[in-house]
Amino acid sequence: MVFSSRHKQALPWPAVVLSALIALVAGGCTATSTTIQPAERGASSSAAPHSSVASSPAQTPSKAMRVAVPTDRGPCISPSQPDNRPTAVVGDTNGLMPARDLVGVAPNCLAARAAAPSLGLLLATARNEGVVLHTEQCYRPLSDQVTVKQRWSAAGHSSCAAPVLTTSSGKPKGTSMHGWGKAADLSDAGGTVRFDSPGYAFLTAQAARFGWNHPAWARPGGSTCPEAWHWEWVGDGGLLQDSPIRAEVVTLLPTWDGLGYSIVTGLGAVLPHGDSTDRGSLASSRLAWLVVGAARTPSGGGYWLVGLDGSVHTFGDAPYFGSTASHPPAQPVVGMASANGAGYWLATADGKVFAYGAARTYGSPAASGLSLARPIVAIAATPDGQGYWLAGSDGKVFAYGDAALLGGMSRRSLKAPVVSVAAAPDGQGYWLAGADGSIHGFGDAPSFGSIPHRIALREPVMAMAATPDGEGYWLVAADGSVFAFGDASLYGVARRARIGLRNKWPQ
């Protein structure tokens, strides 16, 4: 249920009710849509308000927040438990999975479709927080399982590799969780992750949030061959069938009248709400790489999706202008922006900008030889398509073309990395959104409220989008929760999308 604006002012919110809602959203095991009034006086709606935000006391907009959370059934029991293990992929054979059931997450990492979005989010979170975290291997074919087993056995440590069984016909049979595409061996700045390395500290603090588990045998003292680098995905509940964890949504696309939006997932599902029209998606297609961004055409009759490798997929009236898929950039693509429908830009984490169609390249941090303290996380175009802003996870903003540089954040002022940038409709301002739902406005972009001090997020905010008149905005989290501020309305949340090509659902 979504409360209208005439109801939200009349709703009493005793502390016990607000506390209950916070617990529900933090646990992620129920669903609700409701309105939360501004935090108490003294609790800032932004981690670091900026003086350039245009808002006078007499014109301060309502800071009420409306929340819609996806439905999950059952008690809240984290699947990230030492004795939990991944489930098999229904219909597949360990180590012999078809390409259609695997998705690219990193240059040397294929993961099962169900596990891929959360692994991509885990890696991006580390990158945005300044932690080096890479994958050494994810999916392990049967032939590699045989090789690994032989190598460890030759070294006198046969118990350090997953068993390779023999079928009645004499053929090898894999048992490694890598063979289901639901395990990842990770490295950090010092090489393979160790128990005393920064990568391990990050993983122990963050991995469970995204459904990634360190099994008992891999923990210190858990076996004769503990592995700090080995982590497994149990986000579907695992063999223990605990509560599932959703970490798959990447962005939200409003319609051009603001009366609806589409929610986009890492597997390319496009879920329409309100007056948003379904123009197709990649949900039932073979997907080479995770989807990381999207943009809508000016007519509202189509949209583009972009993958980590810069591959561009078109739907409806969105024309294809080109992509980097044939020569993927060294660093992942992190987003795209439309040049008034006549072209588009792709931005990479290391500050490169690729222009296609009528979109012009006005510059980039990489082209200027700038050394980035933190990666670029998003790109937003000016209303006339003659310029763009790039935002770094440290809150630094870069302006090119007719985009005006109106300020940015200091990393010291941020409680969470910046994850998104949205332009004000008149081009004279922009907002930065943090992973914790904090909002920072610059130029004539006013603050209509933010999430910190109001509710506990289970999954980080992924993207922000402004309403057509600039009098409100939406935030969307990785679990599909939608948060509406100002004149933005709620139309729905991310539904559980199909993840395979054979009508498979998350196990």
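The values are calculated or read from the model by the stated rules, or taken from the named source; none is laboratory data. Predicted model only: the values in this text are computed from it and were never measured. So basically every Cβ, Gly included, is an ideal-geometry build from the backbone, and we count neighbours across all protein chains shown. Only protein heavy atoms, including side chains, enter the accessible area calculation; ligands, DNA and RNA are left aside. Shrake-Rupley method; radii C 1.70, N 1.55, O 1.52, S 1.80 Å.
Each Lys and Arg adds +1 at its Cβ and each Asp and Glu adds -1 at its Cβ; summed about the Cα centre, segment 216-309 shows a dipole of about 120 debye. Database remark: amide H of ILE77 closer than 5 angstrom to the amide H of SER243 (H placed geometrically; neighbours at sequence offset of 5 or more, or on other chains; Pro and chain starts carry no H). When the solvent-accessible area of segment 111-231 is split by element, carbon and sulfur atoms take up 57 percent of it, the probe being 1.4 Å. Under a model in which nothing but the beta-carbon of Lys, Arg (+1) and Asp, Glu (-1) is charged, segment 321-451 shows a dipole of about 380 debye around its Cα centre. Backbone geometry of segment 391-406 corresponds, through the Karplus equation with coefficients 6.51, -1.76 and 1.60 at θ = phi - 60°, to 3J(HN,Hα) couplings of 10, x, 5, 8, x, 7, 10, 10, 10, 9, x, 8, 6, 8, 7, 10 Hz, x marking Gly and Pro. Scalar couplings 3J(HN,Hα) for segment 298-305, obtained by applying the Karplus form with A = 6.51, B = -1.76, C = 1.60 to θ = phi - 60°, are x, 6, x, x, x, 7, 10, 10 Hz; x denotes Gly and Pro.
Between the alpha-carbon centres of segment 70-113 and segment 430-462 there is a gap of 31 Å.
Loop-located trypsin sites (Lys or Arg not before Pro) in segment 266-330 (DSSP state not H, G, I, E or B) with no more than 15 neighbouring Cβ atoms inside 10 Å: ARG286. Across segment 272-282, rounded Karplus estimates of 3J(HN,Hα) from the backbone phi angles (6.51 cos²θ - 1.76 cosθ + 1.60, θ = phi - 60°) give x, 9, x, 8, 6, 9, 6, 9, x, 7, 9 Hz, Gly and Pro being marked x. Largest to smallest in accessible area, the residues LYS415, LYS171, LYS63, LYS182 fall in the order LYS415, LYS171, LYS63, LYS182 (1.4 Å probe, all protein chains included). Taking amide H atoms as placed 1.01 Å from N in the peptide plane, the amide H of VAL377 lies under 5 Å from those of ALA391, GLY392, SER393, each 5 or more residues away in sequence or on another chain.
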